[in-house]
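Each remark here refers to the structure printed beneath this line.
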Amino acid sequence: MDIAVLKSKRRYEINKGKKNFEVKRINPSEYIEELYHVMICALESWPEKYRPNIQKNIFEKDIAKWERDIVYGGFNRETNELCGFAYLKEYSRHLDFNVLRVKPEAERNGINAAMVAGILEDNRMKLEKGIYINDGSRSIRHETAFQDYLEKYFGFRKAYCKLHILYRFPLNVMVKILFPFSKK
């Protein structure tokens, strides 16, 4: 990612975020309480229908598994408080952007832009060697703007696939009739 080729508004948001937050790779076991707090704060801003119930003991067990992969923390430069984190699973040919959670009050100071820019900068060598970053899987029914944000601000691209799904009767008849009227 070359920040110089981005539109001035995008460069401004990234630079604002980098001015306010330091993004660095962290050992998640050293930040269990802080990671949990960020997760809870982030989820409180989600619509009720998408908000999972995160139990602290299960979250702590999951953190131990994260040590095998890559975790970044976004720290407020003035207070050194953890305000966001990202969890990426590493594979031989790509990185999966599994989780990005930030405190809602840090969003206006550019933490999302700082986090993504920091991750891209830290993985520049891998990206130059042909490794790519997958911006995460997404449920068809989930309303999210994260993928759109990555496309708009950082030049991520969509990858389309054609699914061949066989439906049982009578659902197959309903799909054939109603599909042409769906939004594309």
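Quick test for you: out of 75, 21, pick the one residue that is closer than 18 Å to residue 106 by Cα, in contact with an Asp or Glu (Cβ under 6 Å, 6 or more places away or on another chain) and surrounded by 11 or more Cβ atoms within 10 Å (Cβ to Cβ).
Numbers: 21 fails: in contact with an Asp or Glu (Cβ under 6 Å, 6 or more places away or on another chain).
That would be 75, the only listed residue that is closer than 18 Å to residue 106 by Cα, in contact with an Asp or Glu (Cβ under 6 Å, 6 or more places away or on another chain) and surrounded by 11 or more Cβ atoms within 10 Å (Cβ to Cβ).
Residue-wise test of (1) free of Cβ contacts under 8 Å to residues at least 40 places away in the same chain; (2) closer than 27 Å to residue 154 by Cα.
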{"residue": "22", "(1), (2)": "no, yes"}
{"residue": "31", "(1), (2)": "no, no"}
{"residue": "43", "(1), (2)": "no, yes"}
{"residue": "46", "(1), (2)": "yes, yes"}
{"residue": "71", "(1), (2)": "no, yes"}
{"residue": "90", "(1), (2)": "yes, yes"}
{"residue": "93", "(1), (2)": "yes, yes"}
{"residue": "99", "(1), (2)": "yes, yes"}
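Yes or no, residue by residue, for (1) in contact with a strand residue (DSSP E or B) (Cβ under 7 Å, 6 or more places away or on another chain); (2) in a loop (DSSP other than H, G, I, E, B):
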position: 12; (1), (2): no, no
position: 16; (1), (2): no, no
position: 31; (1), (2): yes, no
position: 37; (1), (2): no, no
position: 41; (1), (2): no, no
position: 49; (1), (2): no, no
position: 52; (1), (2): no, yes
position: 64; (1), (2): no, no
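Which of the helices (runs of 4 or more DSSP H) contained wholly in the range 71-183 include at least 1 residues that are among the β-branched types (Val, Ile, Thr) and either in contact with a Ser or Thr (Cβ under 7 Å, 6 or more places away or on another chain) or modelled with pLDDT under 90 (or both)?
By residue number, 171-178.
The values are calculated or read from the model by the stated rules, or taken from the named source; none is laboratory data. Please read these numbers as outputs of a predicted model, since none were measured by experiment. No Cβ is skipped: glycine too gets one built from the backbone with ideal geometry, and neighbour counts run over all protein chains shown.
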